[in-house]
Structures are given as structure tokens and as C-alpha cells.
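**Student:** One structure, as C-alpha cells, below. Some questions next.
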Amino acid sequence: MRTVSDASAAGLVLEAQGLVVRFGGRAVLDGVKLAFAPGAVTAVLGPNGAGKSTLLSCLAGLRRPRLGEARLGGRAIGALPAKERAQLVGYLPQNPEIAWSVDVRTFAGLGRTARVGAFGPSEADRLAVERALDVTQLAALADRDVTTLSGGERARAHIARVLAGEPRWLIADEPLTGLDPSHQLDAADLMRGFARAGGGVVVTLHDLAFAARFADRVVMLVEGRVIADGPPAEALAPEVLARAYAIDARWTSGLAGPLLDVVARR
Amino acid sequence: MRRVAPLAVVAGLLALLVALCALSLVAGRVWIPLDRLGEAGDPRWAIITSLRVPRTLLALAVGAALGLSGAVLQGYTRNPLADPGVLGVSSMASLGAVLTLYFNLTAPGATAAFAMAGAATGVLILLGLTGSAGGAITFLLAGVVLNVIAEAGLSLALMLSPNPWAASEIVTWLLGSLSDRSFTDVWTAAPFIALGGMALLLVGRDLDALTLGETGARSLGVSLRRTQGLIAAGVGLACGASVAVSGVIGFVGLIVPHLMRALVGGRPSSLLVPSALAGAALLLAADILVRLIPAASEVRLGVAMAVLGGPFFLWRLISIRRRFA
């Protein structure tokens, strides 16, 4: 993946500094303090309603927390000009919408919105879109109507759209949901490749075993608080899972990595 | 997925417009073949220059305003049923205009100013009611509410109107027409329509980004506040000025973007210019048609468009329901 140059991403740290978000009196995020360095994939996990999506939208600069702030490279992300923020941070919402029938290439090109000049797409813009279509294996479908794609192809189109913008950070809310196992692996490889090339990745996931194999770091969020943060083996330890999900679980070793054996419900 | 190139569509529409303009100058209750027009003294010149030229220009301007507004509103709401009429913007404009008739405000430009204020208020209420998370359904419901409010105001103005003359003037004007308009009307409306149209042409890229929804568009660096401001100002000026000179003419903004989408594809920004041109062509063609229908008094353009547009709206609604079923 050539979308991010190693030198440029160095030092562009993404931080959550004491984020507090309330919905109707309930604290969805309750003082979340985290720092993410580029070059790694961080999976944010937690039970439903733990505040994962809210955390990601704060990190992407799309939601202003009640208290605290998200910072990118030392600057408050809310204070960045929208265009600059969009160039640095690619965001993939949960259940993303596609309102109109457009072809896949045009759709991926939307990812360049913050980069295209006043006189339309340049050669660099076109090349970036083609590269994104290439790495997501969509080049052959580039002229298809994006609304007629299968679920897996559409999920790849969304990833292509984000990559086409050549962001330094990739923030994706459940990008693997709805994909079959083989496309989950493909999408995970794309994100790992993005991180290996020097970009930063923060994703939310629900599949614990998948997170254990694919993430460099796991953040466990429960009721708006971080209860564990570290390498998967630590942050997904049985004690943590018991606290987070009220399950008894044990890790065993499988062919390609750890497997989670859920023993019983407490 | 590749459809007709937008440039080819624009060229075709321009050619169609030229032909319609020529037809519009010769067609009407008095048929004037241009090749047999005499020298400067021929009285039929007067019909052309003082009646048909302004009427043609107004049809072009109003049609373009409505077509473009429809394309922008559909793009913003991501709803193919949006249109200044359906969303209540035209009703709000006519409420503004009728207030000037009701209060007998005769200052030059008062009707246009009130109509534009009414339309802009309508768009702002729409955006306010739906907020930043407004879905397509919310928008249509907000449009229903606006229509109800405006209709109530209009009925009240009619009921309380000081004299029968004012009431009948209001009713006739509400039906929407371009007959017997003068160059004064052209100069009243055209500059504002042009200004509003320019504002609307600026939102193309934002509308494209909105294909990903509001969160998606914001993550791409689009400032929705700016988009909403441009749309409120643009639709307010363009539709308000149109309603001020022509009364309420519905469905142009509904039909035209739909037809153009079949030609140039779904990308909102590439629909804007074709929709403006096709709106001008549709309204001019409809206006030529109502001039030629043999009836005791000319069929009102607004009525004719409603007769065409009603079934179209129904058909769209049914096909959309099928898609979601």
C-alpha cells in the first residue's frame, strides 16, 4: 500500500483527553483518556452501548464532547479547519448510507472531496482513486452501479472511498460487520497494510477472536470507561471478559491464532 | 452505468430550447408565421415584442429556477420526491406574495420581496425542523406541515379579504400563469433568479458528498451550515422571485431531475445544469401548449402542470414504495 508515506505520518498522534459525552443525563463516555500512535491497529471493543461509536466519532472530530477534547498531532481536532481534518482523518461510519445510484469509481472519488481543487479532479486525484480501487479489488467493478453491489463488495467500496482520500488516520466503525469470513480477512489485511505503511487505524469490532488475531492493541470500553488497554492477550484476558460481558471464557489455541471458548454465562 | 455524457445532454437541451423559443414567438391565439411578417409597421410585431418575448423569457427563467431548485432539494434531502411545491416552499412564497395583495402593498417590488422572504423562511423552517439528522421522511413531513401552515394563511387571507376584487385577484394569481406578463415582470424576477441560481450551482460538490449521508459528508470536510445557507438563499431567491411573477407552478422541480437522472446518472452535481435547462424547456413547452388548447379562457399554466405532475408524483410514489417493500 502506497497511500501513506512513512515519514509524513510519524508523530501524528491521535489522543482522547478526558472525553465526557452525555445523552439525556447518562454518561456515554465518562472520562476516556487514550493515546494512539500511527503504525498500529487498535480495536475498540465492548458490550453494546458501551460508547464505542461515540468515542470514534469524537476521535474523527465529528462530535464535540461535553468535556475534554480529541487531539491530533497536538492540536484540538475540533479546532482544525474541516477540510484539513478531512484530509488527515478518514472516517467510516457504522451502516454507511449510499443515497444515489453512482458508479463505483465516482463513489470512491467522493473520498477525495477535501482534496479536489476548484477546477475538478487532477491527475493525482484520479490516480489515488484507481489505487484505492486496485487494493480493494474493485477495479473490475469500477463502472458498476454501487447500489447494485453485493454486501461484501459494497463494504469494500466504502473502504476504497476512505483510502482514496489518502488519510493519515483511518477510523472505522464496525467495518467488518456483514462480511463473510473471507472478505473479513481481506478487509482486515487492508487495514493492517494501511497501518504497516505508517497510517494509524482505530476500529470497533464485535468479534473477540478476530480482534485477538488482527489488532495490535485492544481497548475495552464498558459504560463509557476504559477497563483494559493493551496487547490483545492482556486486554482480552478472561477476567476482563467476565467484567465486560458477564461471560466465563477461556482462550485456546487454534490453527491461525487464539480461539475463544465461551464456557458459560454467569 | 455510463450514461449519456452531461455535455451532450446540455447541448441537446440547448438546441431544444432554441427551437421552443422560436415556436413560442409564433404560437398562440394569433399564429404569426415569422417569414410573412411585414416591415416594422406590422402590428403583429407588437404582439411579439411586448407579449411573447417577455412571456418566453419568464417561462425560461421560472422553469430553470424550479428545475434547479428541485434538483438541489432532492440532492440535499436525498429524496427523489422533494420539490419546492411538495416541500411547501412555493406555498410559503405565495403566502408572502398574497400578504402584499391582501394588504394592498403597491410599492414596486413588494410582492417579489415578500415572496422571496416567504420562500427563504420556508426553507429555513424546513432545515430547522429536520435538523442535521433529518432523514428523507422527516423532510417530507416537514414539507406537509409547511404546506398546511401556508394554506391556512392563504385561506385566512382569502376569507378576510377586504373586497371581492382582492379575493378574486388572489385566487386567479394562485393558479399560476405566465399570460399577459410584461418586461417589468422580467426585470423584477430575472436578476433574483440568476442570483439564486448562482448560489445553488455552488453546492454541487457538497450534494455529491451528501450521497454518503450527513455524517459521511461532514467527515469529508463539508460544512453543512454553509450548504444549508446557500440552499436557503438560493431556493429562496429563485423560487420566491418565480412565484412572485408567475404564481404557484408545481411539479417542474419534481419531474425534471427525475428525467435528467435517467440521462446523466445519479450524481447530484451533474444534474444541476441539465435540470435547470430541462426545467426551462418543460415550462416553455407547457406554456406553448396552454396557449394552443382551444378553451373559452386560457388554461392556467399552474393547473396544466398539476394535471401533468399529479399522476407523475403518484407513479414515483408507487415505484419508490415497491423499492422499499
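**Student:** Computed FRET efficiency, Cβ-Cβ of A:E239 and A:K33, R0 22 Å: what is it to the nearest 0.05?
**Tutor:** Efficiency at R0 = 22 Å is approximately 0.55.
**Student:** Please report, to two decimal places, log10 I(q)/I(0) for segment A:123-224 at q = 0.19, 0.20, 0.22 Å⁻¹ as given by the Debye formula with identical point scatterers on the Cα atoms and no solvent.
**Tutor:** -0.97, -1.06, -1.25
**Student:** Using a simple spin-label model with points 7 Å from Cα along the Cα→Cβ vector, what separation in nm is obtained for B:W187 and A:Q137?
**Tutor:** 6.8
**Student:** Mind pulling up the Rg/Rh value for the protein assembly as shown? Radius of gyration and Kirkwood radius, both on Cα.
**Tutor:** My calculation of the ratio gives 1.08.
**Student:** Taking 60 Å as R0, compute the FRET efficiency from the Cβ-Cβ separation of B:I32 and A:A197 and round it to 0.05.
**Tutor:** Approximately 0.25, to the nearest 0.05.
**Student:** Hey, any idea what Rg/Rh is for segment B:174-213, computing Rh the Kirkwood way over Cα pairs?
**Tutor:** Result for segment B:174-213 is an Rg/Rh of 1.24.
**Student:** In debye, nearest 20: dipole of segment B:60-208 around its Cα centre with unit charges on the Cβ of K, R (+) and D, E (-)?
**Tutor:** Computed about the Cα centre, the dipole is about 160 debye.
**Student:** Here's another thing I want to ask about it. Among B:T106, B:T77, B:T121, whose mean-square fluctuation peaks in a Gaussian network model of chain B (Cα, cutoff 10 Å)?
**Tutor:** With Cα springs under 10 Å in chain B, the top fluctuation among B:T106, B:T77, B:T121 is at B:T106.
**Student:** Now a separate question. Tell me, what is the percent relative contact order of segment B:99-221, built from C-alpha pairs under 8 Å that lie six or more residues apart?
**Tutor:** 23
**Student:** Using the Cα atoms of chain B, I'd like the radius of gyration and the largest Cα-Cα distance, Dmax, both in angstrom.
**Tutor:** 19.6, 65
**Student:** Sticking with this one: Okay, helix-only estimate at 222 nm for the protein assembly as shown: each DSSP H run of n ≥ 4 adds -39500 (n - 2.57), divide by all residues, round to 500 deg cm²/dmol; what do you get?
**Tutor:** -17500 deg cm²/dmol
**Student:** Toward the positive end of the charge dipole of segment B:171-257, about the Cα centre and with charges on Cβ (Lys, Arg +1; Asp, Glu -1), which of B:G196, B:A241, B:G176 goes farthest?
**Tutor:** Toward the positive end, the furthest listed residue is B:G196.
**Student:** State the volume of the convex hull built on the alpha-carbon positions of segment B:58-217, expressed per residue in Å³ and rounded to an integer.
**Tutor:** About 105 Å³ per residue, rounded to a whole number.
**Student:** Next question, about the same structure. If a paramagnetic tag sat 7 Å from the Cα of A:E223 along the Cα-Cβ line, which residues of segment A:50-77 would have the backbone N under 19 Å from that point?
**Tutor:** A:50-55
**Student:** Using a Gaussian network for chain B with springs between C-alpha atoms less than 10 Å apart, which of these wobbles most: B:L271, B:L160, B:L95?
**Tutor:** B:L160
**Student:** Please compute the net charge surrounding B:I231, taking Lys and Arg as +1 and Asp and Glu as -1 over other residues with Cβ under 13 Å from its Cβ.
**Tutor:** Combined, the nearby Lys, Arg, Asp and Glu give +1.
**Student:** When A:E15, A:E153, A:E123 are ordered from fewest to most other Cβ atoms inside 10 Å of their Cβ, what list results?
**Tutor:** A:E123, A:E153, A:E15
**Student:** Then there's this: Find the relative contact order for chain B and round it to a whole percent, using C-alpha pairs within less than 8 Å whose residues are 6+ positions apart.
**Tutor:** 32
**Student:** In debye to the nearest 20, how big a dipole does the protein assembly as shown give about its Cα centre with +1 on each Lys and Arg Cβ and -1 on each Asp and Glu Cβ?
**Tutor:** Roughly 340 debye, rounded to the nearest 20.
**Student:** Continuing with the same structure: May I ask for the net charge around B:V290, where only other residues with Cβ less than 15 Å from the Cβ of B:V290 are counted and Lys, Arg are +1 while Asp, Glu are -1?
**Tutor:** Every neighbour counted, the sum reads +3.
**Student:** Using the charge dipole of chain A (Lys, Arg: +1 at Cβ; Asp, Glu: -1 at Cβ; taken about the Cα centre), state which of A:L205, A:A140, A:A128 has its Cα farthest towards the positive end.
**Tutor:** My answer, from the dipole projection, is A:L205.
**Student:** Mind putting together the pair-distance distribution for segment B:51-121? All Cα pairs, 5 Å bins, whole percent per bin, short to long.
**Tutor:** All Cα pairs, binned at 5 Å, distribute as 4, 16, 18, 20, 19, 15, 6, 2 percent.
**Student:** Another question, then. Can you compute the modelled spin-label distance between B:A296 and A:T177, with each label point 7 Å from Cα toward Cβ, in nm?
**Tutor:** For the pair B:A296/A:T177, the computed spacing is 6.5 nm.
**Student:** Under a point spin-label approximation (7 Å from Cα along Cα-to-Cβ), what is the B:L201-B:I149 distance to one decimal in nm?
**Tutor:** 3.2
**Student:** If you take the alpha carbon radius of gyration of segment A:176-263 and divide it by 2.2 N^0.38 Å, what ratio comes out, to two decimals?
**Tutor:** Here the answer is 1.11, to two decimals.
**Student:** Given R₀ = 25 Å, FRET efficiency for B:M159-B:F103 by Cβ-Cβ distance, to 0.05?
**Tutor:** Between B:M159 and B:F103 the formula returns 0.95.
**Student:** Positive end of the charge dipole of chain A (Lys, Arg +1 and Asp, Glu -1 on Cβ, about the Cα centre): tell me which of A:L176, A:G39, A:A82 has its Cα farthest that way.
**Tutor:** A:A82
**Student:** Oh, and also: For chain B, set up a Gaussian network in which alpha carbons nearer than 10 Å are linked by springs, and say which option among B:A232, B:A97, B:A11 fluctuates the most.
**Tutor:** B:A11
**Student:** Give, rounded to the nearest 20 debye, the magnitude of the charge dipole that chain A has about its Cα centre when Lys and Arg contribute +1 at Cβ and Asp and Glu contribute -1 at Cβ.
**Tutor:** Result for chain A is approximately 760 debye, rounded to the nearest 20.
**Student:** A further question on this structure: Could you tally the net charge around B:V245, taking each other residue with its Cβ under 9 Å from the Cβ of B:V245, Lys/Arg +1 and Asp/Glu -1?
**Tutor:** 0
**Student:** I'd like the mean, over residues of B:206-213, of how many other protein chain beta carbons sit within 10 Å of each residue's own Cβ.
**Tutor:** If you average over the peptide's residues, the count of other-chain Cβ atoms is 6.
Here, each number is a calculation from the coordinates, and none is a lab measurement. Remember, predicted model here, so these are calculated numbers, not experimental data. Don't worry about glycine lacking a Cβ; one is built from the backbone with ideal geometry, like all the others, and counts go over all protein chains shown.
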